[in-house]
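The values are calculated or read from the model by the stated rules, or taken from the named source; none is laboratory data. Because the structure is predicted, anything quoted here is derived from the model rather than measured. Here the Cβ positions follow ideal geometry from the backbone for every residue, glycine too, while neighbour counts run over all protein chains shown. These area figures cover heavy atoms from the full protein model, side chains too; ligands, DNA and RNA do not enter into them. Shrake-Rupley method; radii C 1.70, N 1.55, O 1.52, S 1.80 Å.
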Amino acid sequence: METQEFEKFLYIHKGLQPVTVKGHVSAILRINRRLNCNLTKESVENYVFALYQSNYSYTHKINQVKAIEYWFEFSGQPLHFARQRKPRPIIKQTLSEAEVTRLLFCCQNVREKAIMGLLAYSGLRPKELCNVKVQDIDFGSNELRVICGKGLKDNVIYISNSCAKILLEYLAIHKRSPEALMFNTFDNLRPLKQGCLRKLVKVLARRAKLTKRVWPYNLRHSLATSMMNRGADILTVKSQLRHVFIETTMCYISALGYCAKNKYEQFVPSYI
């Protein structure tokens with residue numbers, strides 16, 4: 001396959017970002033192998049038909065279809081597939097405040113605690129946390145500048161006093177220049193990557209003996225539900241998570257636990 005020319009096409013003619021280009025090229029290579037190097041209109045239609053009937057996530061299905069469409073456009077045979085309706089899932093398996101506390105208490109050094117504290121208190125996405133620099137945090141106002149976040153947007157979010165204290169303790173031991181990344185690998189030789197972050201969260205969840213599945217993005221979900229359970233309005237949560245559409249934030253309302261129950265008990269009439 002002409003993967004290098006396809007990659008150039010995605011960069012130059014579609015204006016995609018490196019991570020997106022890498023994903024589409026990998027997808028096409030996988031699809032080509034599954035179809036025994038027979039990428040024809042008929043074969044990919046059958047592939048998409050089976051894909052849409054499968055239990056794969058909506059995101060996976062759409063990314064696969066986009067990669068196919070881009071490949072056929074690159075090959076001079078434009079092809080378009082309809083999109084399935086995007087589901088609005090309930091946010092499940094969020095962590096309670098007590099469970100997040102257990103994760104923090106299971107940290108064995110200030111580096112682990114700083115990474116987990118920032119992840120839990122800020123709602124940063126994993127890639128965004130890996131890209132945080134020391135100068136991005138204003139400890140005077142507890143503000144964190146997110147540079148080139150999702151959609152290449154810059155935003156300002158907040159961290160708590162507790163989180164700021166943990167980060168200052170970390171910086172007192174691990175000296176950093178303002179332009180340096182906040183976190184490196186354990187050997188301090190390479191920038192922290194998302195894979196390392198996932199491993200750390202998994203190790204801490206095992207130490208804390210949590211039965212739920214825990215991954216970095218889950219801490220973002222957990223912050224949103226905890227804020228709503230404490231009475232935060234949806235616009236505040238939307239601002240902290242930096243959602244473009246409020247409908248995205250509305251998904252967290254269905255995940256509320258005791259807050260919804262308490263409100264029901266507050267207003268339910270007394271018949272007997």
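Screening segment 219-272 for residues that are at pLDDT 75 or above, more than 22 Å from GLY149 (Cα to Cα) and small (Gly, Ala, Ser) and picking the one that is most open to solvent (accessible area, probe 1.4 Å) gives GLY231. Beta carbons closer than 7 Å, at least 6 apart along the sequence or on distinct chains, pair a first residue in segment 1-21 that is touching a residue at least 60 places away in the same chain (Cβ under 8 Å) with a second that is assigned to a loop (DSSP other than H, G, I, E, B) and surrounded by 13 or more Cβ atoms within 10 Å (Cβ to Cβ) for LEU10/LEU16.
One line per residue, one yes/no per condition, for (1) small (Gly, Ala, Ser); (2) at pLDDT 95 or above; (3) over 16 Å from VAL214 (Cα atoms):
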residue: GLY76; (1), (2), (3): yes, no, yes
residue: LEU79; (1), (2), (3): no, no, yes
residue: GLN84; (1), (2), (3): no, no, yes
residue: PRO87; (1), (2), (3): no, no, yes
residue: LYS92; (1), (2), (3): no, no, no
residue: GLU97; (1), (2), (3): no, no, no
residue: ALA114; (1), (2), (3): yes, yes, yes
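Are any residues in segment 202-212 not hydrophobic (A, V, I, L, M, F, W, C) and not in a helix (DSSP H, G or I), and if so, which ones? The answer is LYS209, THR211, LYS212.
For (1) free of Cβ contacts under 8 Å to residues at least 40 places away in the same chain; (2) within 27 Å of the chain's Cα centre (by Cα), each residue gets a yes or a no:
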{"position": "ASN32", "(1), (2)": "yes, no"}
{"position": "GLU42", "(1), (2)": "yes, no"}
{"position": "GLN53", "(1), (2)": "yes, yes"}
{"position": "HIS60", "(1), (2)": "yes, yes"}
{"position": "LYS66", "(1), (2)": "no, yes"}
{"position": "PRO78", "(1), (2)": "yes, no"}
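Can you tell me which residue in segment 5-31 is surrounded by the fewest Cβ atoms within 10 Å (Cβ to Cβ), limited to those that are modelled with pLDDT under 90 and of a type outside the set (A, V, I, L, M, F, W, C)?
So the first thing to find is which residues in segment 5-31 are modelled with pLDDT under 90, and the list is 17-19.
Subsequent filtering for residues that are of a type outside the set (A, V, I, L, M, F, W, C) retains 17-18.
Numbers: GLN17: 13, PRO18: 10.
Here the residue is PRO18.
Residues that are farther than 22 Å from PHE105 by Cβ and either among the basic types (Lys, Arg) or in contact (Cβ under 8 Å) with a residue 24 or more places away in the chain (or both) within segment 145-164 comprise ARG145, VAL146, GLY149, LYS150, GLY151, LEU152, LYS153, ASN155, ILE157, TYR158, listed in sequence order. Candidates are the residues of segment 61-98 that are open to solvent by 30 Å² or more (accessible area, probe 1.4 Å), in a helix (DSSP H, G or I) and of a type in the set (D, E, K, R); the one that is nearest to LEU223 (Cα to Cα) is GLU97. When segment 202-211 is examined, which residues are found to be surrounded by 13 or more Cβ atoms within 10 Å (Cβ to Cβ) and within 15 Å of GLN108 (Cα to Cα)? Those that are surrounded by 13 or more Cβ atoms within 10 Å (Cβ to Cβ) and within 15 Å of GLN108 (Cα to Cα): LYS202, VAL203, LEU204, ALA205, ARG207, ALA208. On inspection, ARG145 does not qualify as closer than 23 Å to ARG207 by Cα, of a type in the set (Lys, Arg) and open to solvent by 30 Å² or more (accessible area, probe 1.4 Å).
Checking each residue in segment 149-159 for being part of a loop (DSSP other than H, G, I, E, B) and open to solvent by less than 80 Å² (accessible area, probe 1.4 Å) picks out GLY149, ILE159. Applying the criterion of being among the aromatic types (Phe, Trp, Tyr) and assigned to a loop (DSSP other than H, G, I, E, B) to the residues of segment 160-201, the residue that is surrounded by the most Cβ atoms within 10 Å (Cβ to Cβ) is PHE183.
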